[in-house]
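Sharing a structure, written as structure tokens. Questions coming.
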Amino acid sequence: MHVATSKRALERNVLPYLGNLPIVGITTPMYANVIERIVRRGSNETARKVLFNIRRIIALAKTRDNAADKHIADPVSEVLVQIKPYAPRRALLEFPALGDVLRRAEVANLSPAVRMALRLAAFTAQRVGNIVEARWNHFDLDAPNGAVWVIPRAAMKVQSGRFFDHKVLIGRTFAAELRQWRTVTGGRGFLFASPTGNGDHITKESLSKAYKKLWN
């Protein structure tokens, strides 16, 4: 799962700009431009992970070609936004508090995909990573015993000792919402497709930013 996620991030953020160039011909400013594009989207954590993988690729290239400069991307870390100290957000332990966040989401300036992703998170209590990567072929909204979302075992954070997929039951009211969303989106691929139209899904950062805006 981690490999697939890293691969998609490189395909989305790096290959369109540097993919056709020989690695020995890529300069530090060229790497910096790629990372700055991600930072400007507000996806600083994605930028950090992409830069980490770029450095790994460069290190591998060095083992194949003496002309490769192993440290050429090191200065690029300077374009990353400094992360503020982590401050845990209080848990939503009561329905009124959760309802307040969802009502704020209805009137906030959010994309439809992000707003619906927030609702899926609220009504299923699943991890943000599973929410943004949810696919329509993992949902059976018309099952005779009630709608269900089956998250493949490989997509779960804890896999050790787990020999089965994770099944999430979906209530009737929200299942009806998802059926409407299926009609809107076409019901193929990711539930929450990226607005860029590149075939990817929305990012975890997009939900994190929404939570920060809605959850004081």
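Quick check on segment 190-199: of everything there that is at pLDDT 85 or above and touching a helix residue (DSSP H, G or I) at 6+ places or on another chain (Cβ under 7 Å), which residue is most open to solvent (accessible area, probe 1.4 Å)?
Out of the qualifying residues, it is Ala193.
Return the residue satisfying two criteria in turn: it lies in segment 120-144 and is open to solvent by less than 20 Å² (accessible area, probe 1.4 Å) and in contact with a strand residue (DSSP E or B) (Cβ under 6 Å, 6 or more places away or on another chain), and of such residues it is farthest from Lys209 (Cα to Cα).
Thr124
Take Gly99 and decide whether it is in a helix (DSSP H, G or I) and at pLDDT below 90.
Details: in a helix (DSSP H, G or I): yes; at pLDDT below 90: yes.
When the stated conditions are applied, Gly99 passes them.
What are the pairs with Cβ atoms under 8 angstrom where one residue, in segment 41-65, is aromatic (Phe, Trp, Tyr) and the other, located anywhere, is open to solvent by 40 Å² or more (accessible area, probe 1.4 Å)? Sequence gap at least six, or different chains.
none
Based on what the data block shows, is Ala155 at pLDDT 90 or above and of a type in the set (A, V, I, L, M, F, W, C)?
On the way: at pLDDT 90 or above: no; of a type in the set (A, V, I, L, M, F, W, C): yes.
Against the criterion (at pLDDT 90 or above and of a type in the set (A, V, I, L, M, F, W, C)), Ala155 does not qualify.
Residue check: is Asp65 modelled with pLDDT under 90, farther than 30 Å from Asn130 by Cα, surrounded by 15 or more Cβ atoms within 10 Å (Cβ to Cβ) and not aliphatic (A, V, I, L, M)? Full working, then the answer.
Details: modelled with pLDDT under 90: yes; farther than 30 Å from Asn130 by Cα: yes; surrounded by 15 or more Cβ atoms within 10 Å (Cβ to Cβ): no; not aliphatic (A, V, I, L, M): yes.
Taking the combined requirement at face value, the residue does not satisfy it.
If you don't mind, another one. When the residues of segment 50-62 are filtered to those that are among the charged types (D, E, K, R) and surrounded by 14 or more Cβ atoms within 10 Å (Cβ to Cβ), which remaining residue is farthest from Thr27 (Cα to Cα)?
Going through the qualifying residues, I end up with Lys62.
For segment 1-42: of the residues being of a type in the set (A, V, I, L, M), open to solvent by 60 Å² or more (accessible area, probe 1.4 Å) and assigned to a loop (DSSP other than H, G, I, E, B), which is farthest from Asp65 (Cα to Cα)?
Met1
Tell me which of these Trp181 doesn't satisfy, since it passes every other one: (1) within 12 Å of Ala117 (Cβ to Cβ); (2) surrounded by fewer than 18 Cβ atoms within 10 Å (Cβ to Cβ); (3) modelled with pLDDT of 85 or more; (4) among the aromatic types (Phe, Trp, Tyr).
Only one criterion in (1) within 12 Å of Ala117 (Cβ to Cβ); (2) surrounded by fewer than 18 Cβ atoms within 10 Å (Cβ to Cβ); (3) modelled with pLDDT of 85 or more; (4) among the aromatic types (Phe, Trp, Tyr) is unmet by Trp181, namely (2).
So, Ala117, is that one buried (at least 17 other Cβ atoms within 10 Å of the Cβ) and more than 21 Å from the chain's Cα centre (by Cα) or not?
no
The values are calculated or read from the model by the stated rules, or taken from the named source; none is laboratory data. As the structure is a computational prediction, the values presented were derived from the model and not from experiment. Using ideal geometry, Cβ is built from the backbone for each residue, glycine included, and neighbour counts are taken over all protein chains shown. Keep in mind that these areas ignore ligands, DNA and RNA; they rest on the heavy atoms of the full protein, side chains included. Shrake-Rupley method; radii C 1.70, N 1.55, O 1.52, S 1.80 Å.
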